[in-house]
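Student: I'd like to ask some things about the structure below.
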Amino acid sequence: MAHEDIEIQLWEYIDGICSDTDSARIARLISEDAAWNQKHNELLAFNAEISRNLELDQPSLRFTKNVMEAVAAAHIAPATKKYINPAIIRGIAAFFVLMIATLLIYTFAITDWHSSSSPLVNSFSIKKIEVNNVFKSSYINIILMVNVVLALLIIDKVLRKKRVSNEI
């Protein structure tokens, strides 16, 4: 058996971390084998010497107070200020306001304000919206393509984050 293997087993025996069967086997080897007995005595002497001469460093008397003062001095930023960029919120709000305004302007533009069925009631009618005509516009197609690309980028980013979190 290797010299290092004997030391490892003896340290486990001295520290009391080996199983009961290993402990009985090692105790039998120490009593029967001279090499095991000699190594056991060396390790016990070394362990006793270390225990006698080892001084544990004591923290200063103000250690706890110093730590608590350092914690109190640290200013913890609120999470919303750190993680939410106001420019992003304004951009999202501007997008929705622009979309609502565009829808209202388009609705007012195609409304026939002069048709009325009764002189007492001012009524109006909205012309039928042709969906085919809307998608013939190059601008609408460009906006749709940009939105599809942005949606794919967002989905890719979310899936990458999930994959990275699953790997950890």
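Student: Taking helices (runs of 4 or more DSSP H) that fall entirely within the range 23-107, which contain at least 3 residues that are at pLDDT 85 or above and within 30 Å of GLN9 (Cα to Cα)?
Tutor: 34-53
Student: A further question follows. Name the single residue that is modelled with the lowest pLDDT among those in the range 108-120 being surrounded by 10 or more Cβ atoms within 10 Å (Cβ to Cβ) and in a helix (DSSP H, G or I).
Tutor: ILE110
Student: Further question: Would you confirm, using the coordinates I've provided, whether MET1 is part of a loop (DSSP other than H, G, I, E, B), modelled with pLDDT under 90 and loosely packed, with under 12 Cβ neighbours inside 10 Å?
Tutor: yes
The values are calculated or read from the model by the stated rules, or taken from the named source; none is laboratory data. Keep in mind the model is a prediction, meaning the values are calculated, not measured. Positions of Cβ are backbone-derived with ideal geometry, glycine not excepted, and every protein chain shown enters the neighbour counts.
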